[in-house]
Amino acid sequence: MTETRLSAAEAQALAEATAAAMYARDAAAQTLAIRIVRVQPGAALLTMTVRPDMVNGHHICHGGMIFTLADTAFAYACNSYNKNTVASACHIDFLAPAREGETLEAEAVERSAAGRTGVYDITVRNNHGTTIALFRGKSYRIAGEVIAGLQQADRA
């Protein structure tokens, strides 16, 4: 079975449609008010503003919130081809604190994609441009599509 090659415009449209379909079902991202700024094939840029309910006992952003933002950017980047993809492993290095009121951005970039696996680097920065965290995610493609039936319709 051969895969159809998409033009750059078609690949971009598919990435955007896939992100929209994912976000409609992504209760976690919606609850945290994570916003999609940009998605491209193999890449994504998402933002989240640190709210009072996201800070820990040191009055800095809880690491789990930063991880969630990075993991969400990872998810949108690796699913941008409309192929169901999950994390198989990930690692985060926290480099600086994030503070209440700051808007964080997580930029995900595909470093490798071969067969069913991929490697993605995500950089989390605050609104001052300071790098808050570096996240590396390894992905694994599973059966199915984000937008169910799209590939089957293309084959008909």
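Values in this text are rule-based calculations from the coordinates and carry no lab data. Keep in mind it's a predicted model, so treat the numbers as computed, not measured. Here Cβ is always computed from backbone atoms with ideal geometry, including for glycine, and neighbour counts include all displayed protein chains.
Tabulated results
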| item | result |
| --- | --- |
| Helical mean residue ellipticity (222 nm; -39500 (n - 2.57) per DSSP H run of 4+; nearest 500) of the chain | -9000 deg cm²/dmol |
| 5 angstrom amide H check on Thr85, placed H, neighbours 5+ away | Ile142 |
| Dipole magnitude (debye, nearest 20) for segment 26-95, charges at Cβ of Lys, Arg, Asp, Glu | 200 |
| In sequence order, calculated HN-Hα J values of segment 16-33 (Karplus, 6.51, -1.76, 1.60; Hz; x Gly/Pro) | 5, 5, 5, 4, 4, 5, 5, 4, 4, 9, 8, 4, 5, 4, 5, 4, 7, 6 |
| Kirkwood Rh, angstrom, segment 74-156 [1 / mean 1/r, Cα pairs] | 14.2 |
| P(r) of the chain over all Cα-Cα pairs, binned every 5 Å from zero, in whole percent | 2, 10, 19, 22, 19, 13, 8, 5, 2, 1, 0, 0 |
| Largest to smallest principal axis extent of the C-alpha atoms in segment 45-94, angstrom | 39, 20, 13 |
